[in-house]
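Everything on this sheet refers to the single structure shown next.
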Amino acid sequence: MSKETEKQRWQRNFADLLQELRVAQTGVQILFAFLLTLPFSNGFTRTTGFQKDVYIVALLAAAAATALIISPVAFHRALFRQGRKPEMVRFAHRMASGGLAFMLISMVSAVLLITDFVLDRPIAFVLSGLTAIWFLTFWGILPFVRRNWGEDDVDDEDDNPPTGYRD
């Protein structure tokens with residue numbers, strides 16, 4: 001396997017990041033669309049003040065997540081063909097991470113809103129807390145714990161990435 005140049009690595013990193021953002025973007029857009037239509041449904045008039053506050057948190061967090069997850073596209077358009085791929089990759093990484101954080105807030109808030117509407121509040125808090133733990137486990141804890149996963153499995157020196165390599 002031939003070693004990739006630094007330029008090829010930045011190109012690959014950017015392509016990988018954009019692919020990841022496509023998945024996140026679909027999820028946040030569906031959630032955002034649901035939240036945008038919710039106040040126009042018949043049952044929304046029966047929500048309590050607490051539920052309306054939770055709804056606002058979910059809506060604004062979904063809007064923030066949408067903005068952050070889509071921002072790498074706008075950044076790329078503004079810097080297209082300026083040879084600033086490393087800067088774009090670093091920016092896109094930060095925006096994707098922030099977007100996922102806001103998406104987590106929005107999803108947990110949406111779960112709290114719905115469970116509080118249909119169940120007793122203590123049960124809604126427990127289920128929302130479990131939802132937050134679930135997401136944090138798969139989006140934060142496991143990736144952090146397993147960040148060096150497979151490093152000991154490399155048998156062929158040609159498979160080792162260049163020095164200083166980071167995805």
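The values are calculated or read from the model by the stated rules, or taken from the named source; none is laboratory data. Note that the structure is a prediction, hence the values are computed from the model and not measured. Ideal geometry is used to build each Cβ from the backbone, glycine not excepted, and the neighbour counts take in all protein chains shown.
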Of the listed residues (137, 131), the one being surrounded by fewer than 17 Cβ atoms within 10 Å (Cβ to Cβ), of a type in the set (Ser, Thr, Tyr) and either part of a helix (DSSP H, G or I) or at pLDDT 95 or above (or both) is 137
Out of (1) in a helix (DSSP H, G or I); (2) at pLDDT below 85; (3) among the charged types (D, E, K, R), the one residue 4 does not meet is (1)
Worksheet item: Quick one: is residue 102 in a helix (DSSP H, G or I), of a type in the set (Phe, Trp, Tyr) and within 29 Å of residue 141 (Cβ to Cβ)?
Response: yes
Apart from one, (1) over 23 Å from residue 143 (Cα atoms); (2) buried (at least 17 other Cβ atoms within 10 Å of the Cβ); (3) at pLDDT below 95 all hold for residue 82; the odd one out is (2)
Original post:
Does segment 27-41 contain at least one residue that is of a type outside the set (Gly, Ala, Ser) and more than 20 Å from residue 105 (Cα to Cα)?
Top reply: yes
Contact list, first residue from segment 65-81 and closer than 24 Å to residue 35 by Cα and of a type in the set (Gly, Ala, Ser), second anywhere and crowded, with 18+ Cβ neighbours inside 10 Å and modelled with pLDDT under 85, beta-carbon distance below 7 Å, six or more apart or interchain, is 65/28
For segment 86-99, pairs from a residue that is within 15 Å of residue 15 (Cβ to Cβ) to a residue that is of a type in the set (D, E, K, R), with Cβ under 8 Å and 6 or more apart or across chains, are 96/20
By residue number, the members of segment 49-68 that are surrounded by 16 or more Cβ atoms within 10 Å (Cβ to Cβ) and of a type in the set (Val, Ile, Thr) are 54, 57, 66
